[in-house]
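Participant: If you scroll down you'll find the structure; I have some questions about it.
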Amino acid sequence: PAYTLEVEELPLPQDFQWGTATAAYQIEGGASQDGKGPSIWDTFSHLSPSRTNGENADVACDHYNRTTADIKLMASLGVDVYRFSIAWSRIIPMGGRNDPINEQGIAFYSNLIDELLAHNIAPVVTLYHWDAPQSIYDRYGAFLNTEEFQADFENYAHLCFSRFGNRIRKWVTFNEPYIISIFAHLNGTLAPGHCREAGTDTKTEPWIVGHTIILSHATVALMYANEFRESQNGEISIVLNGHYYEPYDQASSQDRDATERRLLFYIAWFGDPVFLGADYPPAMRAYLGDRLPTFTTKQRELLQRAAPVNTYYGMNHYSTKFIRALSDPPAEDDWTGNTEELSINSEGKEIGPVSGVAWLRVAPEGFRKLLNWIWKRYRLPIIVTENGCPCSGEENISTAVDDKFRRWYFGLYLDAISRAIYEDGVAVDGYYAWSLMDNYEWSAGYGPRFGIIHVDFQTLERTMKNSGYYLRDTFIERRRKS
Ligand code: GBH
């Protein structure tokens, strides 16, 4: 049924920007090279018993030592942009505002940026992709202490703008605040996995973490606007992720309400304060009560001044799920909106074919609907800052490189963007495939492969996959059609 979807290769605008994305901890390796300090991921990936499939990213793709070759390979695909993240503890090993700076770490990113520009690739820089310096976590719990974190993050961002900003047109403050709050501080499947330590309060901590991220983003966006934007001529925003959701039972108003509530809890939690300068969605307050922090008058002013600084909506998106409302009154242990996520609805219909990981199914129509939902709510041009999938059968290099499933996924998701632009009037400016190369998939270790370049983790040899060539060609073709 839905499985027979065919790629139509629909047009994309001539100035549509395409690229690839990565994150420092997932590819760099060089975990303690050239003075880098440890991050919470260095700690988390070495815990025993392991919470990361027995694997760490001490070496990962060794991109730290193979930058030049990696950029050359990427450039051969004709990308316009490359989104990467800076490892905070590489440039401030202890992380704090009174701690020393590591010039060797700065030199690494400075060279990376220069090499990208030499290949006509525009760098898009994420300041925070999950790897907080271990030292700020040890000292004050990192995100758990809003004022301390805000001040240290501002200092770190200021350093980045000062040293790299003359060459950067697009900044991202945080990657996926929902994941940082919920997966790292409620489920504990990602670092620091704080909730699994003694004396923690998972009823309030995930929401404090979210609060810290929102306020730190606002502080830094405003600081960029006041001190750097004019001379550096760049823009700044945040990247939010989120699935799209369909009701489990279309006939059930409870399921339909729960579906909208899920989007509010996932996306509007951050989107409303950041892009609208508004309070948390009322649905969250109604459900969470005092567990959700409140913005002081001063903080609301900060949010309102910072909101218009954001010039784009950074969207990470992978899949769609069905939502079923849970019992009312809510179960005590469900704190993310009283909903259950499923891949099959009440009529037994699957949301779409499964990829190489269970949580990711192919559902391009959901992507199109979410593009519309975001556009309608925030009215900012959308940049798809991550999208992609792993396939089955990737243990073997020959089948891994002939990645038909991934090509199909990319083709369909790009069709969805075309429809959103030309049929629905949504502004979508760019698309960054996740990921440039196979890498360390966090708690899943080296299992799932998201790359358009294959990496042999024994030899570290790189091989372009067919999906890489497909993206190169499809962007040439599709942009010609417009
Ligand atoms: C993004 O997260 C990240 O930005 C990127 O670093 C990552 O490599 C990429 O996606 C691919 O995963 O097993 O049901 O608990 C996306 C959010 C959160 C999606 C954790 C997968 C696990 C779902 N991810 N989630 S489950």
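The values are calculated or read from the model by the stated rules, or taken from the named source; none is laboratory data. Here the structure is a predicted model, which means the values were calculated and not measured. No Cβ is skipped: glycine too gets one built from the backbone with ideal geometry, and neighbour counts run over all protein chains shown. The accessibility values were calculated without ligands, DNA or RNA, using every heavy atom of the protein model including side chains. Shrake-Rupley method; radii C 1.70, N 1.55, O 1.52, S 1.80 Å.
Participant: Check D429, D415 and return the single one that is touching a helix residue (DSSP H, G or I) at 6+ places or on another chain (Cβ under 8 Å), away from the ligand (no atom under 14 Å from the Cβ) and not aliphatic (A, V, I, L, M).
Facilitator: Unique residue meeting the criteria: D415.
Participant: Out of the residues in region 347-364 that are in contact with a strand residue (DSSP E or B) (Cβ under 8 Å, 6 or more places away or on another chain) and open to solvent by 40 Å² or more (accessible area, probe 1.4 Å), state the one that is farthest from the ligand (Cβ to nearest atom).
Facilitator: E350
Participant: Same structure, new question: For region 220-234, name all the residues that are surrounded by 18 or more Cβ atoms within 10 Å (Cβ to Cβ) and not basic (K, R).
Facilitator: V220, A221, L222, M223, Y224, F228, Q232, G234
Participant: Do you know which residues across region 389-427 are open to solvent by 10 Å² or more (accessible area, probe 1.4 Å), without any contact (Cβ under 8 Å) to a residue 60 or more places away in the chain and not in a helix (DSSP H, G or I)?
Facilitator: The answer is C391, S392, G393, E394, E395, N396, E423, D424, G425, A427.
Participant: Turning to a different aspect of this structure: Given the options F143, F108, F149, name the one that is touching a residue at least 60 places away in the same chain (Cβ under 8 Å) and either closer than 28 Å to Q17 by Cα or open to solvent by 50 Å² or more (accessible area, probe 1.4 Å) (or both).
Facilitator: Being touching a residue at least 60 places away in the same chain (Cβ under 8 Å) and either closer than 28 Å to Q17 by Cα or open to solvent by 50 Å² or more (accessible area, probe 1.4 Å) (or both) holds for just one of F143, F108, F149, which is F108.
Participant: Within region 19-33, restricting attention to residues that are within 23 Å of L436 (Cβ to Cβ) and more than 16 Å from the chain's Cα centre (by Cα), which residue is most open to solvent (accessible area, probe 1.4 Å)? Spell out how you get there, then give the answer.
Facilitator: We begin by selecting, within region 19-33, every residue within 23 Å of L436 (Cβ to Cβ); these are 19-31, 33.
Adding the requirement that they be more than 16 Å from the chain's Cα centre (by Cα) leaves 28-31, 33.
Values: E28: 8, G29: 6, G30: 8, A31: 22, Q33: 60 Å².
Checked region 19-33; the qualifying residue most open to solvent (accessible area, probe 1.4 Å) is Q33.
Participant: Got at least one residue in region 273-285 being free of Cβ contacts under 8 Å to residues at least 12 places away in the same chain and open to solvent by 30 Å² or more (accessible area, probe 1.4 Å)?
Facilitator: Yes, some residue in region 273-285 is free of Cβ contacts under 8 Å to residues at least 12 places away in the same chain and open to solvent by 30 Å² or more (accessible area, probe 1.4 Å).
Participant: In region 157-166, is there at least one residue being free of Cβ contacts under 8 Å to residues at least 12 places away in the same chain, surrounded by 19 or more Cβ atoms within 10 Å (Cβ to Cβ) and closer than 18 Å to F270 by Cβ?
Facilitator: The answer is no, given that none of the residues of region 157-166 is free of Cβ contacts under 8 Å to residues at least 12 places away in the same chain, surrounded by 19 or more Cβ atoms within 10 Å (Cβ to Cβ) and closer than 18 Å to F270 by Cβ.
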